[in-house]
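Worksheet: the structure to be examined is printed underneath.
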Amino acid sequence: MKRAKGPDGVDAAFGRRLKSLRIKRGLSQTALGEVLGLSFQQIQKYEKGVNRMRVSQLRRIAEALAVSAGELLEMPKTRHGEVADMVDTRTARRLIDAFQTLTSRERRCLAALAEEMAARRM
């Protein structure tokens, strides 16, 4: 049986999880790679699900991200990675952090503003 081209769905989901935790810790691919003795390209391949990693490497990455291997392996319940890919950026993380400090009324106003801005682009 031929293997399909592109990363396996589980590898891609793991990669998104790795990226999310890396960004949450404020690490660039280069910084994480330096801690692990890897190139940023290798970290990028892990995050895209292109390359698989050994269990020993998984343990080292979990330690570098200050999480358990089990937490690193937790897969989101959603089957679609689009939202995760969009949210896992530094800008999105800044927005989420700021959003959490707002009152309920301020959150509603900000959501209405974003919806209005998006509607103007359509």
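List the trypsin sites (Lys or Arg not before Pro) within the range 1-62 that DSSP assigns to loop and that have no more than 11 neighbouring Cβ atoms inside 10 Å.
Sparse-neighbourhood loop trypsin sites (Lys or Arg not before Pro): LYS2, ARG3, LYS5, ARG54.
Placing a label point 7 Å from the Cα of THR101 along the Cα-to-Cβ direction, the residues of the range 5-32 whose backbone N falls under 19 Å from that point are 24-26.
Since every read-out is calculated from the coordinates, none of them should be taken as a lab result. This one's a predicted model, so the numbers in the text were calculated from it and none came from an experiment. Every residue, glycine among them, receives a Cβ derived from its backbone with ideal geometry; neighbour counts consider all protein chains shown.
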